[in-house]
Amino acid sequence: MAAIANAGRAGLDLVSGPMTTSRPSARQLIERLTDPGSFVSWDAVPKHGPIEEPYAAELTAAAEKSGADEAVLTGEATVGGHRVALVVSEFGFLAGSIGRATADRIVAAVERATAAGLPLLGLPASGGTRMQEGTPAFVRMAGIAAAAAAHRAAGLPYLVFLRHPTTGGVMASWASLGHVTIAEPGALVGFLGPKVYRALEGEDFPADVQTSENLHRHGIVDAVGTVDDFRDVVRRVLGVLRAAPRPGAGPALPEPVAPDAWDAITRTRQAGRPGVRELLEHAASEVVALHGSGVGETAPGLVLALTVLAGAPCVVVGHDRSYAEASGPEALRVAARGMRLAAELRLPLVTVVDTRGAALSVEAEEGALAGHIARSITDLVTLPTPTLCLLLGEGTGGGALALLPADRVLATEHAWLSPLPPEGASVIRHGDTSYAAAMARAQRVGVFALRDAGIVDRIVPEDTDPATFCRAVGAVLAEELAALGPVDLAARARRFLGAPVALTALSAG
């Protein structure tokens, strides 16, 4: 499977599984996915209305061939003890195509799941809408998408398993709206039907574009795996969402002493300093790593995960210090996905700042990097869920500011925040980099000065052992998560106006 695995550096990387070799029926999939004997059908006899004889004969033949009365089966079951609702395509029934009765069945199931407060699992496999019914069937995709959107708006998770093949209007509606999406190995997955393209354009569509693996490479799906892998993902995601924070004070920590600003900067730049991946490895009991922006981009320098810290469920969005491009446009679009997840799943958001700064390139400028930073800031300031920011190490420029605004800001004792690298500030003020250390001290980049200015709320002492360091930070994060109160957007915005500070020191040389 493209493993959405437990915490750790290897566990946050996704790899492909074996090629699909069979197409199980909807009932066989339900049996493999759900706990034994737990499935209860929600399906009523489909109402097709007046139809002409040739189409009626096709429906009868499809039912006899597939053993199903329509192109989807719906119902409820448990997966790993978690109660869920299911919508499962039956490809053997007219290639899983969606007619009006099919759409009615899907919408009824999604609305019932929403009313019952159930997570929704979608397992599509379809060539799209049913040509025998034409446009009236086609426009029902909008109704299905609306029902899925209402389910998400109710704060309920929607998890999707894309099967071979999933194309057309199905891919362009309910198949592409999951909070987490897994795709079957080797599956044909895409909007454009290859046969239609060949007929209309007179040539074959390029090979290996509409595959699960290619969609994963482009950040459109989170992982590639089997239905058994999907079962594990469902169990783990729902486990995260149902985790309960444990209020109470964390371990007693020594009071940190303010380091010299330049010494702090050099320490955070050292190789081997723990980053967000090590933090998750040592501090989280569960990590479900997600992949990409969902809209055609990956950003290896930005970690996005559903996480449990000491019983506290949250969404984590953090810079990976191993990557210089951790703060480019693509990374910020992945971060935006994390913010949407936190808002829709009603989870606290934890941002982890540890970046050398926003990407410096032609591609970043043409990709509207400045606009993405602005939107990330405003999204955080207005996010309707509790937020927590951790300054873990380097905090340079707009890349750091894009993940900073939060209800509470924590920092490790050597972390820092600056509008430019001190070398850049030195060039602006003095024409060369030789005043970098002096500029760092004058600009109050260290977290103790930031605490005095009202920007940082709490400073966590550091340990030389990486595992101990990460566990201590994780314990403080968990304590803070458990203590977060109701969202106050006005207070969140006001806090970054800061306390008055003297400005004369900024000219120090």
Practice task
Would you confirm whether any residue within segment 373-383 is of a type outside the set (A, V, I, L, M, F, W, C), part of a helix (DSSP H, G or I) and either over 21 Å from Ala342 (Cβ atoms) or open to solvent by less than 30 Å² (accessible area, probe 1.4 Å) (or both)?
Solution key: yes
Fill in the blank from the handout: Counting only residues that are in contact (Cβ under 8 Å) with a residue 24 or more places away in the chain, open to solvent by 10 Å² or more (accessible area, probe 1.4 Å) and outside any strand (DSSP E or B), segment 195-212 contains a total of 1
Handout entry: Residue check for Val87: under 26 Å from Asp228 (Cα atoms) and either buried (at least 24 other Cβ atoms within 10 Å of the Cβ) or touching a strand residue (DSSP E or B) at 6+ places or on another chain (Cβ under 7 Å) (or both)
Key = yes
Practice task
Please enumerate the residues belonging to segment 71-105 that are hydroxyl-bearing (Ser, Thr, Tyr) and in a helix (DSSP H, G or I).
Solution key: Thr102
Practice task
Could you list all residues from segment 118-166 that are among the β-branched types (Val, Ile, Thr) and either closer than 22 Å to Asp229 by Cβ or touching a His at 6+ places or on another chain (Cβ under 9 Å) (or both)?
Solution key: Val160, Thr166
Practice task
State which residue pairs qualify: first residue in contact (Cβ under 8 Å) with a residue 12 or more places away in the chain and outside any helix (DSSP H, G or I) and inside segment 436-449, second residue open to solvent by less than 30 Å² (accessible area, probe 1.4 Å) and among the charged types (D, E, K, R) in any location, beta carbons under 9 Å apart, and separation of 6 or more residues or different chains.
Solution key: Gly446/Glu413
Practice task
Mind listing whichever residues of segment 287-315 are assigned to a strand (DSSP E or B) and within 19 Å of Thr181 (Cβ to Cβ)?
Solution key: Val287, Val288, Ala289, Leu290, Leu302, Val303, Leu304, Ala305, Leu306, Thr307, Val315
Practice task
Scan segment 417-435 residue by residue and report those that are over 14 Å from Thr268 (Cα atoms), in a loop (DSSP other than H, G, I, E, B) and hydrophobic (A, V, I, L, M, F, W, C).
Solution key: Leu420
Completion exercise
Of the residues in segment 91-108 that are in contact with an Asp or Glu (Cβ under 8 Å, 6 or more places away or on another chain) and not polar (S, T, N, Q), the one that is most open to solvent (accessible area, probe 1.4 Å) is Arg100
Exercise for the section: Quickly run through segment 109-127 and pick out the residues that are more than 23 Å from the chain's Cα centre (by Cα) and open to solvent by less than 40 Å² (accessible area, probe 1.4 Å). Expected result: Ala109, Ala125, Ser126
Handout entry: Extreme residue, surrounded by the fewest Cβ atoms within 10 Å (Cβ to Cβ), among residues of segment 261-284 that are over 16 Å from Ala472 (Cβ atoms) and in contact with a strand residue (DSSP E or B) (Cβ under 8 Å, 6 or more places away or on another chain)
Key = Arg269
Fill in the blank from the handout: Of the residues in segment 37-70 that are outside any loop (DSSP other than H, G, I, E, B) and under 39 Å from the mean Cα position of the chain (by Cα), the one that is nearest to Val107 (Cα to Cα) is Ser41
Exercise for the section: Could you tell me whether segment 316-327 includes any residue that is closer than 23 Å to Glu462 by Cα, touching a His at 6+ places or on another chain (Cβ under 8 Å) and open to solvent by 20 Å² or more (accessible area, probe 1.4 Å)? Expected result: no
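The values are calculated or read from the model by the stated rules, or taken from the named source; none is laboratory data. Remember, it's a predicted structure, so these values are computed and weren't measured experimentally. We place every Cβ from the backbone using ideal geometry, glycine too, and count neighbours over all the protein chains shown. Just the protein is used for accessible areas: all its heavy atoms, side chains included, with ligands, DNA and RNA removed. Shrake-Rupley method; radii C 1.70, N 1.55, O 1.52, S 1.80 Å.
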